[in-house]
Amino acid sequence: MDYQNILFAVEDGIATITINRPKALNALNQATVSELKDVVEKVAADKAIKVVIITGAGAKSFVAGADIKEMASKNAAEGREWGQFGQNVFTEIENLPQPVIAAINGFALGGGCELSCACDIRYAAENAKFGQPEVGLGITPGFGGTQRLTRVVGRGHAKELIYTGGMIDAEKAKAIGLVNEVFPQEELMPAAVKLAKKIAKNAPIAVQLSKAAINRGINCDVVTGIAYEAEVFGLCFSTADQKEGMAAFCEKRKATFEGK
Ligand code: HXC
């Protein structure tokens, strides 16, 4: 697939997906979400990719939401279908085997905030603004916002954001746990890449199984989650990376992981 609305690059095992509609503040139209689905499926199947970064083109916006102009004339059935399409793609992002870092370089509104919440770790630029403005447009959040934002920041903050439709800045987002760190705009991507490289140095299967255990545990009771953790923990002992990691410790040298 030739991409018109996203950029995709891979360097040193780190894939960067850039939503690239800067004239529309990277709003997500059908074509963009279709391209996102295609690239995410490509990334999922590529064992050479260790970590993924998602960001937006330009200095102003990460993603300013779903494309309102494209959405405006939809009827109920079409609205539902559009919502489910985006939900499914965001779930594919959430379930990518590799960790995903959102580098939020400006507006993260509506579908943009929801996209960031489908990622594992959120880093923000100082100019980032977060919000779920949907109720001001006569709709609810529809790409997972009522569910994932609530799980990230808790019901009180999620309800305040969703019911008011208001925006919060990066510092406030950090204070409520929506972002991990805030950086000056020009330091955002270097910081995201540095984080990605730090993750990529570790045993890939162990990182991916940790992600799977955390994601599964969030959506089930703790007893079930703990049982799953025991399964993945045991599985690690069948990998060459576990042998290498522990041998390296005992031999006082750096481990070299092969993802096997
Ligand atoms: C379509 C958008 C857009 C959007 C911005 N643009 N956001 N187009 N959909 N979500 C376009 C504008 O129309 C404009 O194009 C250009 O981008 C620049 O935007 P401006 O409004 O001129 O910029 P500014 O004055 O700086 O205001 C920035 C802004 C504002 C505060 C982010 O653009 C804004 O409020 N955008 C909408 C944010 C929003 O409500 N998002 C939630 C969408 S609903 P033109 O060509 O007109 O100059 C959603 C639901 C998800 O996300 C679930 C769906 C199922």
#### Entry: In segment 237-260, the residues that are among the aromatic types (Phe, Trp, Tyr) and not in a helix (DSSP H, G or I)
237, 257
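I'd like to check which helices (runs of 4 or more DSSP H) are fully inside segment 136-183 and have at least 1 residues that are at pLDDT below 95 and exposed (fewer than 15 other Cβ atoms within 10 Å of the Cβ).
Numbers: elements: 145-153, 155-164, 170-175.
Here the list is empty.
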### Query
For segment 1-61, list the strands (runs of 3 or more DSSP E) that sit wholly inside it and hold at least 3 residues that are crowded, with 18+ Cβ neighbours inside 10 Å, of a type outside the set (D, E, K, R) and away from the ligand (no atom under 16 Å from the Cβ); which are they?
14-19, 51-56
### Message
Here is a check on your reading of the model: is residue 234 loosely packed, with under 11 Cβ neighbours inside 10 Å and not β-branched (Val, Ile, Thr)?
### Response
yes
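Looking only at segment 149-159, decide whether some residue is within 16 Å of the ligand (Cβ to nearest atom) and more than 18 Å from residue 104 (Cα to Cα). It would help to see each step written out before you state the result.
Taking segment 149-159 and keeping what is within 16 Å of the ligand (Cβ to nearest atom), we get 149-150, 158.
With more than 18 Å from residue 104 (Cα to Cα) added as a condition, the list becomes 150, 158.
Among the residues of segment 149-159, at least one is within 16 Å of the ligand (Cβ to nearest atom) and more than 18 Å from residue 104 (Cα to Cα), which makes the answer yes.
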### Message
Considering only residues that are part of a helix (DSSP H, G or I) and more than 9 Å from the ligand (Cβ to nearest atom), which ones fall in segment 81-103?
### Response
81, 88, 89, 90, 91, 92, 93, 94
#### Entry: Filter result (more than 7 Å from the ligand (Cβ to nearest atom), in contact with a helix residue (DSSP H, G or I) (Cβ under 8 Å, 6 or more places away or on another chain) and part of a loop (DSSP other than H, G, I, E, B)) within segment 62-80
74
#### Entry: Unmet requirement for residue 137, which otherwise passes all of (1) touching a residue at least 12 places away in the same chain (Cβ under 8 Å); (2) farther than 18 Å from residue 86 by Cβ; (3) not aromatic (Phe, Trp, Tyr)
(2)
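Matching residues to (1) within 15 Å of the ligand (Cβ to nearest atom); (2) of a type in the set (A, V, I, L, M); (3) in contact with a His (Cβ under 6 Å, 6 or more places away or on another chain):
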| site | (1), (2), (3) |
| --- | --- |
| 116 | yes, no, no |
| 169 | yes, no, no |
| 180 | no, no, no |
| 192 | no, yes, no |
| 198 | no, no, no |
| 204 | no, no, no |
### Query
Can you name the number of the only condition in (1) over 29 Å from residue 79 (Cα atoms); (2) outside the structural domain of residue 88 (by TED's automatic domain parsing); (3) touching a residue at least 24 places away in the same chain (Cβ under 8 Å); (4) surrounded by fewer than 15 Cβ atoms within 10 Å (Cβ to Cβ) that residue 218 fails?
(1)
### Summary
Within segment 188-208, residues without any contact (Cβ under 8 Å) to a residue 60 or more places away in the chain and part of a helix (DSSP H, G or I) come out as 190, 194, 198, 205, 206
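The values are calculated or read from the model by the stated rules, or taken from the named source; none is laboratory data. Owing to the predicted nature of the structure, the values given are computational and were not obtained by experimental measurement. Positions of Cβ are generated from backbone atoms using ideal geometry, with glycine treated the same way; all protein chains shown enter the neighbour counts.
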